[in-house]
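Quick notes on the structure that follows.
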Amino acid sequence: MELGVFVIAAAMVIVGAVGVILRPNPVHAALSLVLTLFGVAVHFVALEAHFLAAVQVIVYAGAIVVLFLFVIMLLGVDRTEDITIEPFKVQRPMALVVGVGVIGLVTAAVSSSRDAIGRGNGLEIPTVTGDNDSNVRQIARSVFGDYVVAFELTSVLLVVAVVGTVMLTRRIKSGKGES
Amino acid sequence: MSLLAAATPTTTWYLVLGAVLFGIGAVGVLVRRNPLVMFMCIELMLNAVNLSFVALAKRLGDIGGQTTVFFVMVVAAAEVVVGLGIIVSIMRRRPGATADDIAQLKG
Amino acid sequence: MLDLLWLIPALPLAGFLIILVFGRLLGEPKAGHLATAMVAGSFVVAAGVFFDLLNNPEEERHHVQSLFSWVPVGSLKVDLAFLADPLSITMVLFVTGIGSLIHLYATGYMHGDPKFSKFFLYLNLFVFSMLMLVMGENLLVTFLGWEGVGTCSYFLISFWHTRESAATAGKKAFVTNRVGDWGVMMGMFLAFGAAGTLSYEGINHAAEEGIISGVTATAIALMLFIGACGKSAQLPLYIWLPDAMEGPTPVSALIHAATMVTAGVFLMTRVNPVIEVAYDWAPTLIAIVGVATAFFAATIAVAQNDIKKVLAYSTVSQLGFMFLAVGSGAYVAAIFHMVTHAFFKALLFLGSGSVIHGMHHEQDMRKMGALRLLMPITAFTFIIGWLAIAGVPPFAGFWSKDEILLYAFAKSPILYVVGMITALLTAYYMTRQVIMVFFGEARWHDQSEEHGAHGDFKPHESPAAMWIPLVVLAGLSVVGGAMQLPFSKDLHFLEKWLHPVVEFGEAKIKGTWAYDNKYVLLGIAVVVALSGIAASVLVYGKKKVAAIEPKVLADGWHYDSAISNFMGGPGRKSFDAVAWTDRVVVDGAVNGVGRVVRTAGSYVRRAQTGAVRNYAAGIGLGVVALLVWFFLRGVVL
């Protein structure tokens, strides 16, 4: 049963990812992205990270992708990009090398340390910390306990990001031109 | 059936999946020219990392991995805001621009 | 008196400084008297030191007075120190003695010259430098004096600098000397490198002990010899001396007859142990250069018409004799000849100056003649000088020249023969000069219009300030030979006096054919001198035989023009080649580095496309590379 879930969710992830990079139309790419994000959320649930699964759907798939679509519509860049042409001849081979390299090397590294990570004690993946609290509780304890400073800083970060973006996208009427 | 039931996904599988997702995202960033699509590929890479973190959190029994993912998501959100803001500013001036047209750093 | 050693150079230096500041105030003739007094004072002190040394036994005639530590740098420790030993005191005595006589003479000769005080300024500075040279305890003090006399020579030769020939002559002298100075410097470097010290005592001791020998000693000796060739006007660096006659006659007498040009011989004598331990061909080379120069210059002197030029070439020739002596190991004979030559050459120059003065600055001998009646003192003293240089006994020149030829024969009969021929020529051309100037018919009547409104032009005798030194020098030329008469060992005063300085290097000729038959050689010398005189009388006096004065000799074997052609032609080409190398190769290499960097940069810059995707690809490749590296480093398998 877990295997089936894994396979299906993994298929969603991969198909969506390939769709993002291969679809010429940006709107289609965004929708593929939603598929990927959803697949990742399913994996989170399978890994007993329930809170994160919820946040993934709400924030990533719900807010961020919507934002993408807003901007696509706003700017009217939904014209399809011609993906057959490539001005830099060397770019595609380099991309291939990077992709294959990363995938191959990480896979090799991971599989060669299988005993340390993977099979370990049989077929079961142990639960988190043997703690009987719900996942939310555990995360809450961690965020507001060990990492409370980081938490505060991220809130500052959000404010800064918003203010910064507003500043960046101002239209300055004095004729100086837009930034 | 027993074969299917017997093969439970191990941490290794998740990590490999994460690697594949990361690789696809990387290729996408390098190949696509539409800035928004490039951004989406970056989001793919971030998700791959999140997946790896959560898988390892489960394996090692440490909630810290999930906390990290929490923060990654927050920062990703902020990053998207700013990034799209920048893209909007640039694209307003030159509609139809691609990533290759912003080449002021040419030496 | 030995403690007052420092006073000897200090007095002329004081004279120089006083005249420098107060020269204009003192004016003529006080500046001249002051300068003369200073040099005379040095002579008195030197005489005192001489007697002090005489009172000491032979081994202790070596006194060093160190004024202060001059160069204490690492292992090089050089003091400003003076050395009083037989050789240096001998030099000091005749430098200051003849120097003061010439200073006295100059007060008369330079009468009326607008730059009168300046002349004595330079003269005192010159005497100071020369004294530093001969009294130096180490090569560096000597070199200080060496350079100093070269500089003063330049000042004094081009004293009448408004005359272009004089200015050029001064430059020529300085540049030629400089070439020789390179030799001295190289010698100093080698000596320091080999012996670890620049003091004469150290270097000579190292040579005697065998620390310096073979190649090093030969190199040092020859380098110093190059310097000596420059300063003492030997082949190939003699060219400046004839031109130096542009200077006033007292300058020619002092610098270019008696003192500066002897510095080279002095230096060689000082380092005679080094020459002794060098390879045998080194002193032979010195002797050959000396005798060749002597012969060469004598041939040129035969055809000169300027009264001073004859004496200039004669000086070059006599210096050649001195180097012949040095090369034959006859250091005592070299010093002997140096001293006697100083007497009679200074006498001859001053005499010629008297003639020029009396002839209202006419120097061409063809326009003189029969002057003995009008300038009796000058004529009489000049004749004594003539007899001395021609080598007629019992005058001084005969004894010293004979001593040299004796040692030359002991080294090689060929050297002796060439030397003898040169002696013959010396007698010949000097007689020619005497006849042309003082005898024969008066040829100056025709030129009376050329020499200013004197009405009836008549050459006249010179003032007392000028003929007193002539008389003194004539006296010395007569009795000077007494220093070293060959008749018996007891009469070898100079040899006994100089013994501690030259004993290591002096050639020992007892038992050679030359020594055993020295009276025969003496007789031959007399015959040669007299026949030279007789031949000249025949040609110029009685006019029985036509004069042989080919143009090539008058032009000095075209030596000067050969040098100019070489410098202008191949010399210029090589200079241009060197400049080209510097411009193209050296600068080219330096600029080339810049060019290479720029070109490489222009290739590397192609990576800066400005496109973000390319940069991202670069980052991606870097990540892959890092992964590969980590993977290879040791992923646990």
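The values are calculated or read from the model by the stated rules, or taken from the named source; none is laboratory data. Keep in mind that what you see is a predicted model, and the values were worked out from it rather than measured. Heads up, the Cβs are rebuilt from the backbone with ideal geometry, glycines too, and the neighbour counts pull from every protein chain shown. All accessible areas refer to the heavy atoms of the entire protein, side chains included, with ligands and DNA or RNA removed. Shrake-Rupley method; radii C 1.70, N 1.55, O 1.52, S 1.80 Å.
Summing both sides, the accessible surface hidden between C and A at a 1.4 Å probe radius is close to 1200 Å². Against the main long axis of the alpha-carbon atoms of chain C, helix C:464-479 sits at an angle near 90°.
Carbon-plus-sulfur accessible fraction, the range C:1-145 (probe radius 1.4 Å, protein heavy atoms only): 67%. In terms of distances greater than 19 angstrom between alpha carbons, the cross-link table entries C:30/C:115; C:308/C:367; C:411/C:510; C:345/C:518; C:172/C:401; C:411/C:518 yield C:345/C:518; C:172/C:401.
A loss of 30 Å² or more of accessible area (1.4 Å probe, protein heavy atoms, ligands and nucleic acids excluded) relative to the isolated chain is seen in these residues of the range B:56-72: B:58, B:59, B:61, B:63, B:66, B:67, B:70, B:71. Across peptide B:87-93, the average count of Cβ atoms from other chains found within 10 Å of a residue's Cβ is 5. Each peptide among C:419-427, A:25-33 gets the average number of other Cβ atoms lying within 10 Å of its residues, and from highest to lowest they stand as C:419-427, A:25-33. Here the calculated FRET efficiency for residue C:305 and residue C:380, from their Cβ-Cβ distance with R0 = 25 Å, stands at 0.55, rounded to the nearest 0.05.
For chain B, the carbon plus sulfur part of the accessible surface works out to 73%, probe radius 1.4 Å.
Full extension of the segment from residue C:205 to residue C:633, taken as 0.36 nm per residue of separation minus the current Cα-Cα distance, would add 147.1 nm. The GNM of chain B, with springs linking C-alpha atoms under 10 angstrom apart, assigns the highest mean-square fluctuation among B:71, B:39, B:22 to B:71.
If I take R0 = 41 Å and measure r between the Cβ atoms of residue C:62 and residue C:17 in this structure, what FRET efficiency does the formula 1/(1 + (r/R0)^6) give, to the nearest 0.05? With a Förster radius of 41 Å, E is 0.85. Computed packing ranks the peptides C:621-630, C:409-418 as C:409-418, C:621-630, most packed first, by mean other Cβ atoms within 10 Å.
Taking a ≥ b ≥ c as the square roots of the eigenvalues of the alpha-carbon gyration tensor, the range C:483-573 is classed oblate because a/c is 1.5 or more while a/b is no larger than b/c. In straight-distance terms, cross-link reach from residue C:489 covers every one of the aspartates and glutamates whose alpha-carbon lies under 18 Å from its own, apart from those fewer than eight places away in the same chain; here that gives C:58, C:402, C:403, C:503, C:506, C:516. Using a cutoff of 8 angstrom between alpha carbon atoms and counting only pairs six or more residues apart, the relative contact order for chain C works out to 12 percent.
Approximating the spin labels as points 7 Å out from Cα along Cα→Cβ, the residue C:185-to-residue C:557 distance works out to 2.9 nm. Modelled this way, with points 7 Å down the Cα-to-C-beta line, the labels at residue C:574 and residue C:370 are 5.5 nm from one another. Applying 0.36 nm per residue to the separation of residue C:548 and residue C:284 and subtracting their alpha-carbon distance, the gain on full extension is 91.8 nm.
At an R0 of 45 angstrom, the distance between the Cβ atoms of residue C:603 and residue A:140 translates into a FRET efficiency of 0.20. Note on residue A:8 and residue C:482: their simple-model spin labels are 14.4 nm apart, each label 7 Å out from Cα toward Cβ.
Here the relative contact order of the range C:153-253, from alpha carbon pairs under 8 Å that lie six or more residues apart, stands at 38 percent. In this Cβ point-charge picture (+1 for Lys and Arg, -1 for Asp and Glu), the range B:11-93 has a dipole of about 280 debye about its Cα centre. Per residue of the protein assembly as shown, the DSSP helices (runs of n ≥ 4 H) give a summed -39500 (n - 2.57) that works out to -22500 deg cm²/dmol at 222 nm.
Tell me whether the range B:11-93 comes out rounded, prolate or oblate; compute the Cα gyration tensor, take square roots of the eigenvalues as a ≥ b ≥ c, and use a/c under 1.5 as the rounded threshold. Oblate, since a/c reaches 1.5 and b/c is not below a/b.
Computed over chain B, relative contact order equals 26 percent, with contacts defined as Cα pairs under 8 Å that lie 6+ residues apart. In the context of the full set of protein chains, residues of the protein assembly as shown present 42 Å² of accessible surface per residue (probe radius 1.4 Å, heavy atoms only). Buried between B and A is an accessible area of approximately 7400 Å², summed over both sides with a 1.4 Å probe. Of the solvent-accessible surface of the range C:282-347, computed with a 1.4 Å probe over protein heavy atoms with every protein chain present, carbon and sulfur atoms account for 74 percent.
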